[in-house]
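First up is the structure itself, then whatever we jot down about it.
None of the figures in this text is laboratory data; all of them are computed from the coordinates on show. These figures come from a predicted structure and were not determined experimentally. Glycine also receives a Cβ, built like all others from the backbone with ideal geometry; neighbour counts cover every protein chain displayed.
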């Protein structure tokens, strides 16, 4: 056992040295400990989608029945791809582009495609944090500005329902209800009578008007118009926070995530305890969990489950590969992936209890149906949930907690994406970017460029661009195609058995063999079928009752094609450079058992071994230690 430990230490030391570029550049960093890696990964995969998308999808797609397709996609697609990308990063010690170049030069474009999607995320995802900061600042006002109809942004159609829970004395006879809306009549029932049938369909809650008229300030024709200076300041502040979280590399990132990855759980737990103790919470949880088995046969339910898994687990973005590349060679990445996947799914389910308990209370308190309050995306975070919190006594306190949670949930996902991009660029140009001071300048340039590109998203018509990028940027189409390429390249080109041998060399044992067959057959097949159905069901994007015309479709198509076109382009580039070594992995990748077949299926050899002479472990270590001494 001591000999095995010594061997692994030699391997680890030699790997660390081989990562260091020549000519005085700094060596590649490593995580200080496994906890930093785990928290960074958790911060990336556990984000806003766990809170504002997963619970709504459960409600929309049959309650508890949604768990069936969700876990099917999780075990057959999500976990296999998640583990593949993590193991790839740890094995190659490279970022999301150069890792694929080392594995198979022909498919370097797969890594480039992932980084284009990361660029999309870096530009538009942080806008959500700007909105959260804007709401957080306004949460300290009493009453909450989105809870009344007497502000300058409210219209005559603004109408507020009173909370019987927060203001029980107003339900008494002869109470003055004239403050509920801008129509000043002496009695609440008269106010309802006064509004004609047309106006009933047009009335807006103060929360809706705060979101559309105060935060977004949407232009009538949805043109971009001017940039809102207050939101621009919030966006700048978000980028400043993000920059100082990662400007020193994983030395700073690894320390920041101790807070940013754990604090949202504290907030979520507090909101959960408050939610389940409210009257009507059981109603919300019933809608959240009660199974509707008729939904199981609907293809849309399965598509939603698949896209949720891919978005929630941050696969096909190169981020997992980048974070894992800073691991030590013998880190047990298989155990880490299983733990992270369990944590992510458990968080999604738990967040549903916190969200729907409060929404159930709001539905009962306002005497409206759950269908009227349950929503997804920004509508949940910035309209529905703030409305529910405004019904509680001490609403400002609960609003501050909620938007702090939203801010920190999105913050670590954001700065880890920036870290992924900077890692990819640094590994592409190590001689220039792995020098003292270069890291800080690189991250500053990324932040500045993404900030400027994000300004149109906070203009008068910015919500249109935001939804276009959100829908077509990291789209299900792009992610599914990249997932197919990743699994096919690893399983059929590089060789699933060879990759399993690499993993076994790192962690000391072979992972569950079923994952290999997911890479070979199951995952590509499911992704292809889901992709075909998704393409057949494409509908025009509608933003605030405005259907986007040809220009919207054209821009959306460009957003989808841009990353995907990188794959065939780099296939051609590789063929022009060296057609004989298009699929040959890098010679500096450690191959513990080169004599074994590269790929076997049901004990049948599909591709034989590499044909290289078999070297003992001691010989391999001796060679790498000699390289270390020579500074190679």
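Which of rounded, prolate, oblate describes the stretch 391-452, given a ≥ b ≥ c as roots of the alpha-carbon gyration tensor eigenvalues and a/c under 1.5 marking rounded, otherwise prolate only if a/b is larger than b/c? Could you put the intermediate results ahead of the total?
Working: a/c = 4.34, a/b = 3.66, b/c = 1.19.
It comes out prolate by the Cα gyration axes.
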Treat the count of other C-beta atoms within 10 Å as a stand-in for reagent exposure and order 106, 267 from fewest to most.
-> 267, 106
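If you take all C-alpha pairs in the stretch 348-499, what percent of them are over 28 Å apart? Display every interim value, and only then the final one.
On the way: 5505 of 11476 pairs.
When every Cα pair of the stretch 348-499 is considered, 48 percent fall beyond 28 Å.
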Arrange 150, 497 by Cβ neighbour counts within 10 Å, fewest through most, would you?
-> 150, 497
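Suppose R0 equals 45 Å; then what is the FRET efficiency for residue 346 and residue 576 from their Cβ-Cβ distance, rounded to the nearest 0.05?
The pair residue 346/residue 576 has a calculated efficiency of 0.40.
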Here the equivalent ellipsoid of the stretch 271-427, derived from its Cα gyration tensor, has semi-axes (largest first, whole Å) of 34, 20, 14
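Using alpha carbons only, what's the Rg to Rh ratio of the stretch 465-522 with Rh from Kirkwood? Intermediate values should be presented prior to the final figure.
Details: Rg = 15.6 Å, Rh = 13.1 Å.
Using only Cα positions, Rg/Rh for the stretch 465-522 is 1.19.
Taking the highest mean first, how do the peptides 559-567, 504-512, 317-325 order by number of other beta carbon atoms within 10 angstrom per residue? Walk me through the numbers on the way to the answer.
Details: 559-567: 18.9, 504-512: 15.6, 317-325: 29.9.
Put in order of decreasing packing, that is 317-325, 559-567, 504-512.
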Could you grab the relative contact order for the stretch 384-491? Cα pairs under 8 Å, six or more apart, rounded to a whole percent.
-> 10 percent
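Which value does Rg/Rh take for the stretch 416-493 over its C-alpha atoms, Rh per Kirkwood?
Reported Rg/Rh, Kirkwood definition of Rh: 1.10.
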What number, in percent, do you get for the relative contact order of the stretch 58-167 if the mean sequence gap of Cα pairs under 8 Å and at least 6 apart is divided by its residue count?
-> 9 percent
Using alpha carbon coordinates only, what is the Rg to Rh ratio of the stretch 514-598, with Rh defined as the Kirkwood radius?
-> 1.15
Rg/Rg_globular for the stretch 94-156, with Rg_globular taken as 2.2 N^0.38 Å and Rg from C-alpha atoms | 2.07
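Most exposed first by the Cβ proxy, i.e. fewest other Cβ within 10 Å, how do 519, 575 rank? The partial results should precede the final answer.
Values: 519 24, 575 13.
Ascending Cβ contact count within 10 Å gives the list 575, 519.
Starting from the Kirkwood Rh over alpha-carbon pairs, what translational D in µm² s⁻¹ does the stretch 47-149 have by Stokes-Einstein at 10 °C and 1.306 mPa s?
Details: Rh = 17.6 Å.
Approximately 90 µm²/s, per Stokes-Einstein.
Determine the gain in length on full extension of the stretch residue 252-residue 293; use 0.36 nm per residue of separation and subtract their C-alpha separation, reporting nm with one decimal.
Working: separation 41, 0.36 × 41 = 14.76 nm, distance 4.81 nm.
10.0 nm is the gain from fully extending residue 252 to residue 293.
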Which parts of the stretch 254-280 would a label at residue 339 reach, counting a residue when its backbone N lies under 19 Å from a point 7 Å out along Cα-to-Cβ?
-> 254-266
The stretch 25-90 - Rg and Dmax from Cα coordinates, angstrom | 16.4, 56
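Arranged from highest to lowest average of other beta-carbon atoms within 10 Å per residue, in what order do the peptides 439-452, 583-596, 72-85 appear? Each step should come with its number before you reach the end.
Values: 439-452: 16.9, 583-596: 15.3, 72-85: 23.9.
Sorting 439-452, 583-596, 72-85 by mean packing, highest first, produces 72-85, 439-452, 583-596.
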For the stretch 300-352, what size does the Cα cloud have along each of its three principal axes, sorted from largest down, in whole Å?
-> 41, 23, 15
